[in-house]
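Enquirer: Here it is, the structure in full.
The values are calculated or read from the model by the stated rules, or taken from the named source; none is laboratory data. In this text, all values refer to a predicted model and were calculated from it rather than measured experimentally. Because the Cβ atoms are built from the backbone with ideal geometry, glycine has one as well, and the counts that use them run over all protein chains shown. Just the protein is used for accessible areas: all its heavy atoms, side chains included, with ligands, DNA and RNA removed. Shrake-Rupley method; radii C 1.70, N 1.55, O 1.52, S 1.80 Å.
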Amino acid sequence: MALTPAGIPRQRLWLEHRSRQEELGKPREAPLQIALMFIGQEWVNQSQALAVGNLVEVSGFLARSGYKGEAKQRLQLHVQQLTHLN
């Protein structure tokens, strides 16, 4: 766990997604990894209960990872809803 510059607890975890989609009538693998940001003590506590292999559904909003260098080009998902699927 880390703190934001304002002193708010935050935790970053990585979500791995794998699916097969159809594009122009052809199957296509669609794997990706995205950083999930859990902001605030309640969300940090929920993130600490997750384990590798857990199936979850998350929603929230996308934001830049930072304001300098490469971080300006990377996205992260700020979690606002989390549902355990297993």
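Enquirer: Tell me, what is the FRET efficiency for Ser19 and Glu42 to the nearest 0.05, using R0 = 25 angstrom and their Cβ-Cβ distance as r?
Expert: On the way: r = 30 Å, r/R0 = 1.18.
Working from the Cβ atoms, E equals 0.25.
Enquirer: Output ³J(HN,Hα) for the stretch 67-83: one whole-Hz value per residue in order, computed from phi by the Karplus curve 6.51 cos²θ - 1.76 cosθ + 1.60 with θ = phi - 60°, and x for Gly and Pro.
Expert: Result, rounded to whole Hz: 10, 10, x, 4, 4, 5, 9, 9, 9, 9, 9, 7, 6, 10, 8, 9, 10.
Enquirer: Would you list Ser59, Ser19 from the most to the least accessible area, probe 1.4 Å?
Expert: On the way: Ser59 50, Ser19 25 Å².
Ranked list, largest accessible area first: Ser59, Ser19.
Enquirer: Return one whole number: the accessible area per residue of the chain in Å², for a 1.4 Å probe. If you can, show how the numbers build up before the last one.
Expert: Details: 6630 Å² over 86 residues.
Using a 1.4 Å probe on heavy atoms only, each residue of the chain averages 77 Å².
Enquirer: Given the convex hull of the Cα atoms of the stretch 24-65, what is a quarter of its surface area in nm²? Mind dumping the intermediate values first?
Expert: On the way: hull surface 19.5 nm².
Projected over every direction and averaged, the Cα hull of the stretch 24-65 covers 4.9 nm².
Enquirer: Sticking with this one: Report, as a whole number in µm² per second, the diffusion coefficient that Stokes-Einstein gives for the stretch 38-86 at 25 °C and 0.890 mPa s using the Kirkwood radius over alpha carbon pairs.
Expert: On the way: Rh = 12.1 Å.
Approximately 202 µm²/s, per Stokes-Einstein.
Enquirer: May I pose another question? May I ask you to rank Met1, Met37 by accessible area, largest first, using a 1.4 Å probe over the protein chains only? Walk me through the numbers on the way to the answer.
Expert: Numbers: Met1 125, Met37 5 Å².
The ranking, largest first, comes out as Met1, Met37.
Enquirer: What does the chain give for Rg and for Dmax, in Å, if only its C-alpha atoms count?
Expert: Cα only, the chain: 14.9, 50 Å (Rg, Dmax).
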